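S.K.: This structure is in structure tokens; I'll ask about it shortly.
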Amino acid sequence: MTKAIESKNDIFEIEFTLNGAKKAFRAGAGETLLELLRREGYRGTKRGCDTGDCGSCTVLIDGRSMLSCMMLAVQADGRSVTTIEGIGGPADPHPIQQAFVESGAVQCGFCIPGMILVTKELLDSNPEPTDAEIRQALDGNLCRCTGYVKQVEAVKNAAKKMSQKAKR
Amino acid sequence: MNKINTYIRPESAKAAAAALADCKGKAVLLAGGIQIVKTMPPGVTAVVDLRDARLSYIKKEAACLKIGAGTTFSEMVASPVIKKWAGGMMHKAALRVSSNMIRNMATVGGSIVRPYPFNHFPAVLYALDAKAVIVLKGKTSKVAIAEIFEKELGSELGRTAVLSEIQIPAGTEKWNGVFDRVAKTESSWENIMICAAAAEIKGGVCKNIRLALGSALPKPVRLLKAEKSLSGKKITDILASQAGDIGAGEAGSFNSVSAPSEYKRQIAPAVIKRCVLAVS
């Protein structure tokens, strides 16, 4: 059956799972998912280019990395969205976050949430990626501080950490 | 950004076409959304999202390979069938689409319905003699992919008509295929020129060949005269050079998107020659 949602006073009432918890949101008509997330306090999702080129606004939608600046917020209705806040925080960092810090892959940090989410997607489907596969996965995440050597090392270190964790 | 007041998720291509008709020109189709979200046409107040329309599939059948228009480039990259079909030219073209996130979102149908010059698949599907399945006013029809680019049909897609499927003739499965592109950097999405070639080679002789250029012209173009110069012959370096010159000549006026048209005119013979040699 066709599902249709009408806005009332330019507001859509939508529901989606955000970082594991189902929540209701009010999305503006024409508002992007990036704008909604940041308005709701999920500032780890960065606004970089706003044209789909830099990867700073990456979130996981149903486990796949996507650009929240290129999606209408209403498109998230009924889906599962994971932001960097859903991966881990200072008190309980994810092994990928630990690996990025330990590998010296974080400089200004602006691009890192996107890179960590893409790494999560990669390692969930491919626990032992090659350098080429890592570079391919990160090909949409631009970093203006560094080259990409440290980030590739960080992903390999994250793969080791996650593999050790899985064996325990 | 337009104010979108109605968001519709139909469960089939026919229901999507009906929703477009109900909205009387004020709705637009959304598949991956890469282009439409940032370039919403004026006056549009409704979005018809195809995500529930079951258009994401790759099926190999006796007569053809069927690719749902909602299939993302990531899904194409992961498909073992796509990896092998016509020398893997569709796999390579999908893999080189922009970035990981864009490949997760953008669809093969979107790249045809909104054929921006830098899209890979208009030229690729031209070379593979693809057909498009279209739903318009409750009726389903099948047209050559060329009709979308060469006739007015293209402007109907996404506003009144729905592209539901791409069909690639089974005969092209064992053909040689090449996808090549010129861009400023390996990862740049802003292609300067794309060339796609598919050929049936038997005993070293070119029995059939289809060549198409993209990114260099306002629309993708098939190089019929260059194909004719190669058909039925054993492809040599000299013949490939001649085909390059013929193809560049028949292509017409190059656009200046992402590089000056004069530069494109100069590189076209070499790009075509390279593809012809690779496909043989």
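S.K.: Loop-only trypsin sites (Lys or Arg not before Pro) in segment B:200-280, please: DSSP not H, G, I, E or B, and at most 15 other Cβ atoms within 10 Å.
M.R.: Counting only loop positions with at most 15 other Cβ atoms within 10 Å, the trypsin sites (Lys or Arg not before Pro) in segment B:200-280 are B:Lys233.
S.K.: Please list, in order along segment B:178-192, the HN-Hα scalar couplings obtained from phi with the Karplus expression 6.51 cos²θ - 1.76 cosθ + 1.60 (θ = phi - 60°), rounded to whole Hz, x for Gly and Pro.
M.R.: 9, 10, 9, 8, 10, 8, 5, 9, 4, 8, 5, 7, 7, 5, 8
S.K.: Report relative contact order for chain B in percent, whole number only (criteria: Cα-Cα under 8 Å, sequence separation at least 6).
M.R.: On the way: 641 pairs, mean separation 44.7, N = 280.
Computed value for chain B: 16 percent relative contact order.
S.K.: How much length, in nm to one decimal, is gained on full extension between B:Tyr116 and B:Ala21, taken as 0.36 nm per residue of separation minus their Cα-Cα distance?
M.R.: 31.7 nm
S.K.: Could you tell me which of rounded, prolate or oblate describes segment B:6-51, using a ≥ b ≥ c as the square roots of the eigenvalues of the alpha-carbon gyration tensor, with rounded for a/c under 1.5 and, failing that, prolate when a/b is larger than b/c and oblate otherwise? If you can, show how the numbers build up before the last one.
M.R.: Values: a/c = 2.33, a/b = 1.22, b/c = 1.91.
Oblate is the answer for segment B:6-51, as a/c is 1.5 or above yet b/c matches or exceeds a/b.
S.K.: Ordered by residue, what ³J(HN,Hα) values in Hz, to whole numbers, does segment B:208-225 give under the Karplus form 6.51 cos²θ - 1.76 cosθ + 1.60, where θ = phi - 60° and Gly and Pro are x?
M.R.: 9, 8, 10, 10, 9, 10, x, 6, 9, 9, x, 10, x, 9, 8, 9, 5, 5
S.K.: Related question: Suppose a student asked you for the relative contact order of segment B:6-51, using Cα pairs under 8 Å spaced at least 6 residues apart; what percent would you report? Mind dumping the intermediate values first?
M.R.: On the way: 60 pairs, mean separation 25.3, N = 46.
Answer for segment B:6-51 is 55 percent.
S.K.: Give me a comma-separated list of calculated 3J(HN,Hα) values for segment A:64-76, in order, Karplus coefficients 6.51, -1.76, 1.60 applied at θ = phi - 60°, integers in Hz, x for any Gly or Pro.
M.R.: So the J values, rounded to whole Hz, are 9, 6, 9, 9, 6, 6, 9, 10, 6, 4, 4, 5, 6.
S.K.: Given the pairs A:Lys120/A:Lys161; B:Lys202/B:Lys228; A:Lys8/B:Lys24; B:Lys184/B:Lys225; B:Lys83/B:Lys228, which span a C-alpha to C-alpha distance of over 19 angstrom in this model?
M.R.: A:Lys8/B:Lys24; B:Lys184/B:Lys225; B:Lys83/B:Lys228
S.K.: Where does helix A:112-125 land angle-wise versus the long Cα axis of chain A, in degrees 0 to 90, nearest 10?
M.R.: It works out to around 80 degrees.
S.K.: Related question: Classify segment B:125-192 as rounded, prolate or oblate from the Cα gyration tensor: take a ≥ b ≥ c as the square roots of its eigenvalues, call it rounded if a/c is under 1.5, otherwise prolate when a/b beats b/c and oblate if not.
M.R.: oblate
S.K.: May I pose another question? May I ask for the Kirkwood hydrodynamic radius of the protein assembly as shown, worked out over all distinct Cα pairs and given in angstroms to one decimal?
M.R.: Computed over Cα pairs of the protein assembly as shown, the Kirkwood hydrodynamic radius comes out at 23.0 Å.
S.K.: Right, something else. Report the relative contact order of segment B:215-280, percent, no decimals, based on alpha-carbon pairs under 8 angstrom and at least 6 residues apart.
M.R.: Values: 72 pairs, mean separation 26.8, N = 66.
Rounded, it is 41 percent for segment B:215-280.
S.K.: Give the long-range amide H neighbours of A:Ser103: residues separated by 5 or more places, or on another chain, with amide H under 5 Å away, using H modelled in the peptide plane at 1.01 Å from N.
M.R.: none
S.K.: For a quick check: with amide H placed at 1.01 Å from N, whose amide H comes under 5 Å from A:Ala4's, ignoring anything fewer than 5 positions away on the same chain?
M.R.: B:Arg9
S.K.: Same structure again: So what does the Cα-only Debye profile of segment A:1-146 read at q = 0.10, 0.12, 0.15, 0.20 Å⁻¹, as log10 I(q)/I(0), no solvent term?
M.R.: So the normalised log intensities work out to -0.35, -0.50, -0.76, -1.24.
S.K.: Once Rh for chain B is found with the Kirkwood sum over Cα pairs, what is the Stokes-Einstein diffusion coefficient at 25 °C and 0.890 mPa s, in µm²/s?
M.R.: On the way: Rh = 19.0 Å.
Taking Rh from Cα pairs, D becomes 129 µm²/s.
S.K.: Could I get the Rg over Rh figure for segment B:58-170? Both from C-alpha atoms, Rh via Kirkwood, rounded to two places.
M.R.: Ratio of gyration radius to Kirkwood radius: 0.94.
S.K.: Could you tell me whether segment B:126-280 comes out rounded, prolate or oblate from its Cα gyration tensor? Rule is a ≥ b ≥ c as square roots of the eigenvalues, rounded for a/c under 1.5, then prolate if a/b exceeds b/c, otherwise oblate.
M.R.: In terms of gyration-tensor shape, oblate.
FYI, it's all coordinate maths here, none of it is from the lab. What you see is a predicted model, and the numbers here were worked out from it, not measured in a lab. For neighbour counting, all protein chains shown are included, and Cβ atoms are generated from backbone atoms with ideal geometry for every residue, glycine included.
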